[in-house]
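Just below is one structure, and these are the notes that go with it.
Only the coordinates and a few stated rules stand behind these numbers; no lab work does. Everything numeric here is computed off the predicted structure, so don't read it as measured data. When we count neighbours, we look across all protein chains shown, and the Cβ atoms used for this are built from the backbone with ideal geometry, even at glycine.
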Amino acid sequence: MVLVERLQGKPATDSGLFVPRDNLPTLHLCKVISMGPGREEENGRIAPMPNIKKGDVVIAKNLGVLDRKMRRQLMERN
């Protein structure tokens, strides 16, 4: 799992106009905040992600939502 912060795709323009969710980009430019041990493969094995590190800027297709308690726990581990 990778915890990221979105850097673009705000719901409003700089002038304050609201942008409907359907018109936001499907790909998001994000900064890596924290990382887990890797990604789970189909066989259940954890595959490390050596090419990604905290502070990297990545492109994410879908952004999942974590509650504040879970995010705080991830931040404390890293």
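Peptides 40-48, 28-36, 53-61 ranked from most to least packed, by the mean per-residue count of other Cβ atoms within 10 Å: 28-36, 53-61, 40-48.
What is the sum of charges, Lys and Arg at +1 and Asp and Glu at -1, for the other residues whose Cβ falls under 15 Å from the Cβ of VAL58?
Numbers: positive: ARG6, LYS31, ARG39, LYS53, LYS54, LYS61; negative: GLU5, ASP56.
Surrounding charge for VAL58 is +4.
Computed from backbone phi with θ = phi - 60° and the Karplus coefficients 6.51, -1.76 and 1.60, the 3J(HN,Hα) list for segment 38-52 is x, 10, 7, 7, 4, 7, x, 6, 8, 9, x, 10, x, 8, 10 Hz; x is used for glycine and proline.
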